[in-house]
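The values are calculated or read from the model by the stated rules, or taken from the named source; none is laboratory data. Quick caveat, the model's predicted, so the values are computed rather than measured. Every residue, glycine among them, receives a Cβ derived from its backbone with ideal geometry; neighbour counts consider all protein chains shown. Only protein heavy atoms, including side chains, enter the accessible area calculation; ligands, DNA and RNA are left aside. Shrake-Rupley method; radii C 1.70, N 1.55, O 1.52, S 1.80 Å.
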Amino acid sequence: MEKINVNGIQLAYERRGKGTPLVLLHGFPLDHQVWDEIVPLLEGTFDLIIPDLRGFGESTTVDSFYTLEDYASDIAGLLDHLGIQKAAIAGHSMGGYIALAFVRLFPERVSGLGLVASQVVADTDERKQGRYKSAAEVAEHGIGSVVEMMTPKFTPDERLQSYARQSMERQQPAAYIGALKAMAERVDSTPLLSSLNFPVVIVHGDADALVPIDRAREVKTALPQAHLVEISGAGHMPMMEDKEKTAEALRQLA
Ligand code: MLT
């Protein structure tokens, strides 16, 4: 992978295809490879920029506390490095939270937004406490219990469960801890919706056990012009569980 220095970290990324710039942000606790199977369906339409978020995959991170806005600022630095002023940005789950933070910080740099198995609301107090508990658990005992808890929730599909497990197992504890705290502290992006003046695409599996489909339907209600694609039977990994439908939806961002 190519690497750049930005915000005190080394950020690794892949670039594939030609066309409208589209940044693809992976979710927690995975890396850019989660997009590998869908890339061939998108690279004829888009100039794909596919980073490993700070701490994940081949990207490094810092020890201090950071926010989703810091991840978004890393992406702005990457676009600066590539000489890209404006891009569409699509994120899977936590990647969607970061895409929303990017929109909040750099609205003039966004030509379209994709939320894949994601949501716009902040954590409930209970969920937030759970994240801090998980972060403390990872710091003390490693990533094992988070991997065990999340694996069956990713997808009912056994091949993809095994993919998710392997991907989670290769990530560093520091990446888990930083991301869990950043997600816990994220703000509600609902107020942002009314200001969006570019295409918004939402892709969600109706069997998602990590982010329920209702979160996607609520965004569609608040933003009727958004293009919502519900994928029947898919869990939390629609870009792998039904890559054709997910790619077709994301092509609306071209
Ligand atoms: C993800 O897939 O990125 C996470 O499950 C999102 C979350 O925990 O809110």
What value, in deg cm²/dmol to 500, does the helix sum -39500 (n - 2.57) over DSSP H runs of n ≥ 4 give at 222 nm once divided by the residues of the chain?
-12500 deg cm²/dmol
Could you please state how large a percent of the accessible area of the chain is carbon and sulfur, counting protein chains only and using a 1.4 Å probe?
48
Let me check against my output: what whole-number percent is the relative contact order of the chain, with C-alpha pairs under 8 Å and at least 6 apart?
22
Sorted by accessible area (1.4 Å probe), largest first, how do 134, 194 line up?
194, 134
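Once a ≥ b ≥ c are taken as the square roots of the eigenvalues of the Cα gyration tensor of the range 128-254, is the result rounded (a/c under 1.5), prolate (a/b larger than b/c) or oblate (a/b not larger than b/c)?
Cα axes put the range 128-254 in the oblate bin.
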With a 10 Å radius around each residue's Cβ, average the other Cβ atoms per peptide and rank 87-98, 115-126, 153-164, highest first.
87-98, 115-126, 153-164
So what is the relative contact order for the range 139-254, in percent, with contacts set as C-alpha pairs under 8 Å and at least six apart?
27
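Per residue, how much accessible surface does the chain expose to a 1.4 Å probe? Answer in Å², no decimals.
Numbers: 10310 Å² over 254 residues.
In whole numbers, the chain has 41 Å² accessible per residue.
By its C-alpha gyration tensor, with a ≥ b ≥ c as the square roots of the eigenvalues, how is the range 47-92 shaped: rounded for a/c under 1.5, else prolate for a/b larger than b/c, else oblate?
It is prolate, given that a/c is not under 1.5 and a/b is the larger ratio.
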To the nearest 0.05, what FRET efficiency results for residue 133 and residue 18 with a Förster distance of 45 Å applied to their C-beta separation?
0.50
